[in-house]
Amino acid sequence: MTTVLTSPAPSLGSSVEARRTGPSLPTLVGLEMRKSLSHRSGRAFAASAALLGPVGVALAATDAEFGWAAGPIGIVGSMTGLVLLALGVISTAGEWTHRTVQTTFLLVPQRGRVLAAKTAAVAVLGATLAAVSAGSSLAVIAAVGVDDLNWDGTGQALVTAVGAGAAFAVIGAGAGAATANTPAALTSLYLLIMGVLPLVRIWNPDLAQWLDPAEATTVLAQGDAEARSIAVLAGWVVVASVAGWVLTSRRPVQ
Amino acid sequence: MITVSGLTKRYGDRTVVDDVSFTLEPGTVTGFLGPNGAGKTTTMRMMTGLVPASAGSATVDGRPYGELPNPGAVVGTLLDASAVHPGRTGRTHLRLLAAALGVPAERAEEVLAQVGLADAARRRVGGYSLGMRQRLGIAGALLADPPVLVFDEPVNGLDPEGIRWMRDLLRGHAARGGTVLLSSHLLGEVEHTVDRLLVIGGGRVVADGSVASLLGPDGAVVRAGDTAALRAALEAAGFHVEPGDDGALVVPGARPGDIGAVAAAGGHVLLDLRPVQRGLEDLFFQLTWPEGTLS
Ligand SMILES: Nc1ncnc2c1ncn2[C@@H]1O[C@H](COP(=O)(O)OP(=O)(O)O)[C@@H](O)[C@H]1O
Ligand SMILES: [Mg+2]
């Protein structure tokens, strides 16, 4: 419990009990999770992230047979991750787009603290939604897959999907904080991951495998190139978060 | 107490806030007045740490805003009423702020009622009018019942009833010992609300004082049965006299009593005698446009 003062201002004799200190980090993380889900666009992205996997798997099942569970789970993990990028972007860039960042920083002027809370909040949301997506996809696969379905590596595939969910949401939050502009952050992330990196893969596959976070997720879920894949995802998380933090701490709130 | 000292903001080689200093005392409403572009908003943003100052400092009870442990519980700020997520309801918006401030969630209902938005609490802010958003912004600033209120152009979008309500709110806050800084580019909107005027023009403070001291009587107008005779008597008594409209005489720097005494001594018949106040708008114009219309 934080200390409570009956009067924040001795001069005023206020009747309202306000906390004397700033919000604790867990309070801020919870608050940022609530903020992410407090409007339709946030809830829509969350619902899409949770549903994309099972719906996609069910649709794919009409056209193909699943013999190995880990393969499709890896693909579901990276697709869900791409949706969770948007959830992360909205949590940071959305505040600049709607200018709510003004109130956020008026109440908690330590910008690094706000960003840390947002990072943790979208990581928890991303991991949870990715777990729902991967778990329900797995249930669909179990229902529609071949009778002697290969369950090898399912555990690692699920863990990868959940971890990638957290990582992509955090990458989105970092990119959103760096650009302070929702359309710009989303366009550049999707253009890079879905447009530029596939071209790099054609031109120089060795380089691309060290750059592409979606490919890293799929590969890691299938139990291949584990160290490299983790390094690629971690690299994206670190670069995006540091860029977001550096640029946010200097940006004037107009 | 709020102390602003030498606050300066430069954008490139333009100085938009230039060495602004003032203090705000508990129990007063200070009107921060100046035409659009004078530097009011920039000053307020620097005071609250949203925009870094090029020079100078601002402190609340001796500490920079950003170092207050829970600043929203000390300073209630309304800067930009449109800075609310349009997809949230008014109630959700305030409950999120209440959680950040550490006040009970029920405070959201109390301030919604206080600003007259109880019926709109469940509606999304995207559908609010400018005046409603302004009230929502004020509700947010009042959540923790902070001792200091800093409001930037709060009456924008409010109807006359809303302006009167705002006046009562701010006067009541000062009467309880609170400190209020209220900016406006229209004197008429705040002239009955403020105790003190802080006038800013071109980024500089050009006047700072009580309303009475800045707008004190500036002379008298008199009409007499025999204008020429009264004029001669006044000039003989050492007053400078100027012709006014319709044969009236304007006597700058004189109080009506001074003129009455001269008239009584000389047996002059007076048809009209009253003080002239320097018009608020005139003063404002003169102070903020230095090269303006001084006669
Ligand atoms: N980010 C900025 N870059 C350059 N000039 C700015 C910026 N923000 C404000 N200004 C300028 O600073 C001056 C003061 O603006 P402002 O503080 O908003 O005035 P006011 O609130 O009194 O209308 C204006 O001339 C405005 O154009
Ligand atoms: Mg302004």
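The values are calculated or read from the model by the stated rules, or taken from the named source; none is laboratory data. Treat the numbers as computed from the prediction; the structure is a model and nothing was measured. Cβ: placed from backbone, ideal geometry, glycine included. Neighbour counts: every protein chain shown. Ligands, DNA and RNA are stripped out before the accessible areas are found, and what is left, the full protein with its side chains, is counted by its heavy atoms. Shrake-Rupley method; radii C 1.70, N 1.55, O 1.52, S 1.80 Å.
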For chain B the mean separation of alpha carbon contacts under 8 Å (6+ apart) over residue count, i.e. relative contact order in percent, is 20
With just the Cα atoms defining each centre, how far is segment B:243-273 from segment A:194-215? Give it in Å. 92
Could you work out how much longer the chain between A:VAL242 and A:ARG40 gets when fully extended? Use 0.36 nm per residue separation minus the Cα distance between them, nm to one decimal. 69.8 nm
Return one whole number: the accessible area per residue of segment A:163-254 in Å², for a 1.4 Å probe. 46
Please list, in order, the residues from segment B:183-214 whose amide nitrogen is less than 17 Å from a point placed 7 Å along the Cα→Cβ vector of B:ASP168. B:192-194
Can you list the aspartates and glutamates whose alpha carbon sits under 12 Å from that of B:LYS9, skipping same-chain ones fewer than 8 residues off? B:ASP18, B:ASP19
With N set to the residue count of segment B:102-246, report its C-alpha Rg divided by 2.2 N^0.38 Å to two decimal places. 1.58
Dimensionless Rg/Rh of segment A:103-252, both radii on Cα and Rh by Kirkwood, sits at 1.04
If I take the Cα coordinates of the protein assembly as shown and project them onto the principal axes, what are the three extents in Å, biggest first? 124, 49, 41
FRET efficiency for A:ARG99 and A:SER188, Cβ-Cβ distance as r, R0 = 22 Å, nearest 0.05? 0.55
Where both partners of a DSSP beta bridge lie in the protein assembly as shown, what percent of those bridges are antiparallel, to the nearest 5? 65
Scattering profile of chain A from the Debye formula, Cα beads only, expressed as log10 I(q)/I(0) at q = 0.07 Å⁻¹, is -0.28
If you average the C-alpha positions of segment A:63-115 and of segment B:1-32 separately, how far apart do those two centres end up, in angstrom? 40
Toward the positive end of the charge dipole of the protein assembly as shown, about the Cα centre and with charges on Cβ (Lys, Arg +1; Asp, Glu -1), which of A:GLY155, A:THR119, A:ALA169 goes farthest? A:GLY155
Going Cα to Cα from A:LYS118, which aspartates and glutamates come in below 14 Å? Please leave out same-chain ones fewer than 8 positions away. A:GLU32, A:GLU95
Stick to the Cα atoms of chain B, pair each with every other, and give me the Kirkwood hydrodynamic radius in Å at one decimal. 21.6
Accessible area of B:TYR11, 1.4 Å probe, to the nearest 10 Å²? 90
Considering only the other residues whose Cβ falls under 12 Å of the Cβ of A:VAL114, what net charge follows from Lys and Arg at +1 and Asp and Glu at -1? +2
If ligands, DNA and RNA are left out, what is the accessible area of B:THR92 with a 1.4 Å probe, given in Å² to the nearest 10? 50
With each label point set 7 Å from Cα along the Cα-Cβ vector, what nm distance links B:ARG63 and A:GLU65? 6.9
Ballpark to the nearest 100 Å², how much total accessible area do A and B bury together, probe 1.4 Å? 3400
Given chain B, what percent of its DSSP beta bridges are antiparallel, to the nearest 5? 65
Just read off the accessible area of B:HIS93 with the full protein assembly in place, 1.4 Å probe, to the nearest 10 Å². 20
In a shell of Cβ-Cβ distance under 14 Å around B:LEU112, excluding B:LEU112 itself, what net charge do Lys and Arg (+1) and Asp and Glu (-1) give? +4
Given charges of +1 on the Cβ of Lys and Arg and -1 on the Cβ of Asp and Glu, with all other atoms neutral, how large is the dipole of segment A:21-141 about its Cα centre, in debye to the nearest 20? 620
Could you state the accessible area per residue of segment B:217-277 in Å², with a 1.4 Å probe and every protein chain left in place? 55
Report, to the nearest whole %, how much of the accessible area of segment A:35-135 belongs to carbon and sulfur atoms, 1.4 Å probe, protein only. 70
Kindly tabulate the residues in segment B:85-108 with an accessible-area decrease of at least 30 Å² between the chain alone and the assembly of all protein chains, using a probe of 1.4 Å. B:HIS85, B:ARG88, B:LEU96, B:LEU97, B:ALA99, B:ALA100, B:GLY102
Of B:PHE239, A:PHE168, ordered by accessible area with the largest first and a 1.4 Å probe, the sequence is B:PHE239, A:PHE168
